[in-house]
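Since every read-out is calculated from the coordinates, none of them should be taken as a lab result. These figures come from a predicted structure and were not determined experimentally. Here the Cβ positions follow ideal geometry from the backbone for every residue, glycine too, while neighbour counts run over all protein chains shown.
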Ligand code: FAD
């Protein structure tokens with residue numbers, strides 16, 4: 001059988017592309033090496049981590065000011081927590097399989113390796129099947145970066161996937177890497193009782209977010225986690241008693257003994273695998289597949305989307321690219337040129353940002369102004385005991401057009417949606433200020449930040 005479209009990889013990029021193409025009338029096959037479709041995000045990424053963060057939030061709420069209602073200390077049942085994580089994953093991946101079936105997308109289970117620009121060999125249990133296609137979308141994702149000095153064979157060394165299993169709760173966990181994935185898992189383990197040290201090579205944790213937002217997160221967690229920035233982990237020695245870590249910072253080298261290490265130092269694209277370079281598909285030096293804004297590679301019938309391409313390694317970016325690539329293959333004139341891709345750290349408090357940050361504006365020498373509404377002045381935040389937060393709009397002084405936004409605080413990720421839309425629509429401060437925001441609400445902080453910037457309130 002020759003398919004109109006073959007999609008290699010079934011993550012948020014792959015399934016979004018496959019489903020859109022099928023909806024547009026193409027015959028589609030999706031190749032996935034794992035038994036379950038959904039990729040990293042559904043199986044071992046976005047979704048299970050959020051299920052655990054939901055539980056962590058319940059535990060954390062027991063520490064918060066009680067406002068006159070005392071609850072007993074939480075009793076933690078790890079098996080029930082694991083069950084919640086797994087049943088969340090099972091529900092979503094099960095639904096996805098039904099959606100594929102409903103659309104008549106063929107799921108070919110096995111390891112796919114391209115053997116030409118119009119065919120792929122799918123191997124499973126020693127059997128090979130050659131599948132032909134007119135067009136293909138590479139959606140093979142990314143994998144965790146591994147460091148040479150880490151003794152990965154030691155069960156006390158965790159990566160994001162094994163950390164999600166919650167096999168045991170270490171007394172002292174070192175999180176190597178202060179990015180979103182590391183900090184989310186740090187939040188989960190802290191709430192379950194681990195002492196947390198985060199070691200980050202850069203000068204701030206959560207690189208990508210503006211420092212003023214990150215400071216609010218650090219301040220809120222200063223008694224729960226130790227943040228070591230500009231600190232390099234240079235060695236890990238595994239002894240029966242502990243993992244002995246060598247940390248180096250401006251004061252020199254020192255040792256730290258911990259019970260477990262979570263390595264979360266970033267992810268690298270899978271572009272050099274699956275016979276992709278052998279087809280003549282152009283990659284950059286790090287292994288990202290190069291594409292144009294329609295997702296097309298230098299080989300005209302081969303497209304690439306998601307983590308294996310440039311841009312933020314985020315599920316929603318992968319899905320949108322997937323839709324575009326599928327539509328282009330179906331003959332539509334579309335391309336992928338978003339003004340705003342939101343990033344959310346689902347930590348406590350949440351940190352969320354979209355569009356241009358102040359840090360990036362400075363780097364690119366773009367003159368911007370910012371308007372900040374502190375949550376200490378929000379009626380809803382005060383009433384709910386969540387005043388550790390702020391809402392910031394970044395805008396062009398002359399046109400007053402909103403170019404970026406950052407929110408830190410409870411539900412920051414949910415609040416960011418309005419600002420993502422505002423940036424895509426080219427909204428000005430006035431547009432937002434004149435939009436009636438409900439009172440009292442946390443999203444009112446968006447309207448009030450706009451009013452502050454526009455000078456209609458002081
Ligand atoms: P993937 O989801 O990586 O899927 C690629 C698929 O291709 C995999 O299933 C793989 O098995 C398959 N594959 C690869 N090669 C082959 C082959 N040769 N043959 C057959 N199959 C193959 N992003 C967010 O937006 N929000 C979050 O909250 C979030 N949380 C995360 C938490 C964690 C712990 C992690 C690790 C990641 C998180 N991410 C999050 C990132 C998100 O998971 C990725 O950006 C997203 O999954 C990328 O989608 P993709 O389709 O490019 O690839």
Task: Relative contact order [Cα under 8 Å, 6+ residues apart], the stretch 1-153, whole percent - done: 36 percent
Task: Antiparallel bridge percentage (DSSP; both residues within the stretch 1-133; nearest 5) - done: 50 percent
TODO: Just subtract the alpha-carbon distance of residue 167 and residue 377 from 0.36 nm times their residue separation and send over the number in nm, one decimal.
DONE: 71.3 nm
TODO: For the stretch 384-458, would you read off the P(r) tail past 16 Å as a percentage of all alpha carbon pairs?
DONE: 43 percent
Task: the stretch 100-147 versus the stretch 398-419: alpha-carbon centroid distance in Å - done: 39 Å
TODO: Let me know the whole percent of all Cα-Cα pairs from the stretch 179-306 that are separated by more than 23 Å.
DONE: 51 percent
Open item on the list: Considering all projection directions equally, how large on average is the shadow of the alpha-carbon convex hull of the stretch 201-269, in square nanometres?
Closed with: 6.2 nm²
Task: Descending Cα extents along the principal axes, the stretch 111-223, whole Å - done: 57, 34, 26
Task: Proxy reagent accessibility, fewest Cβ within 10 Å first, across 375, 353 - done: 375, 353
Task: Gap separating the Cα centres of the stretch 237-289 and the stretch 334-363, nearest whole Å - done: 24 Å
Open item on the list: Can you tell me what share of the DSSP beta bridges in the stretch 186-315 is antiparallel? A percent to the nearest 5 is fine.
Closed with: 75 percent
TODO: Please give the FRET efficiency for residue 115 paired with residue 215, using the beta carbon to beta carbon distance and R0 = 51 Å, rounded to the nearest 0.05.
DONE: 0.45
- [ ] With the convex hull built on the Cα atoms of the chain, state its orientation-averaged projected area in nm².
- [x] 24.7 nm²
- [ ] Could you please state, rounded to a whole Å, how far the C-alpha centre of the stretch 378-392 is from the C-alpha centre of the stretch 19-91?
- [x] 27 Å
Task: Residue order, fewest to most beta carbons within 10 Å, for 251, 128 - done: 251, 128
Open item on the list: Rounded to the nearest 5, what % of DSSP beta bridges with both residues in the chain are antiparallel?
Closed with: 60 percent
Open item on the list: Two decimals, Cα atoms only, Kirkwood Rh: what is Rg/Rh over the stretch 275-416?
Closed with: 1.09
Task: Where labels lie 7 Å past Cα in the beta-carbon direction, separation of residue 33 and residue 359 in nm - done: 3.3 nm
TODO: Describe numerically, in nm with one decimal, the distance between label points set 7 Å from Cα along Cα→Cβ at residue 250 and at residue 434.
DONE: 4.9 nm
Open item on the list: To make sure I understand, if each residue's beta carbon is the centre and we count other beta carbons within 10 Å, what order do 456, 428, 239, 297 fall in, fewest to most?
Closed with: 239, 456, 428, 297
Task: Backbone N within the stretch 1-22 under 20 Å of label point (7 Å from residue 95 Cα along the Cβ vector) - done: 10-22
Open item on the list: Give me the percent relative contact order of the chain, please, defined on Cα pairs under 8 angstrom at least 6 residues apart.
Closed with: 15 percent
TODO: Report the extension gain between residue 24 and residue 70 in nm, rounded to one decimal, defined as 0.36 nm multiplied by the number of residues separating them, less their alpha carbon distance.
DONE: 11.0 nm
TODO: Before rounding to the nearest 500, sum -39500 (n - 2.57) across all DSSP H runs of length at least 4 in the chain and divide by the residue total; then give [θ] at 222 nm in deg cm²/dmol.
DONE: -9500 deg cm²/dmol
Open item on the list: Tell me the Rg and the Dmax, in Å, that the Cα atoms of the stretch 1-52 produce.
Closed with: 12.4, 42
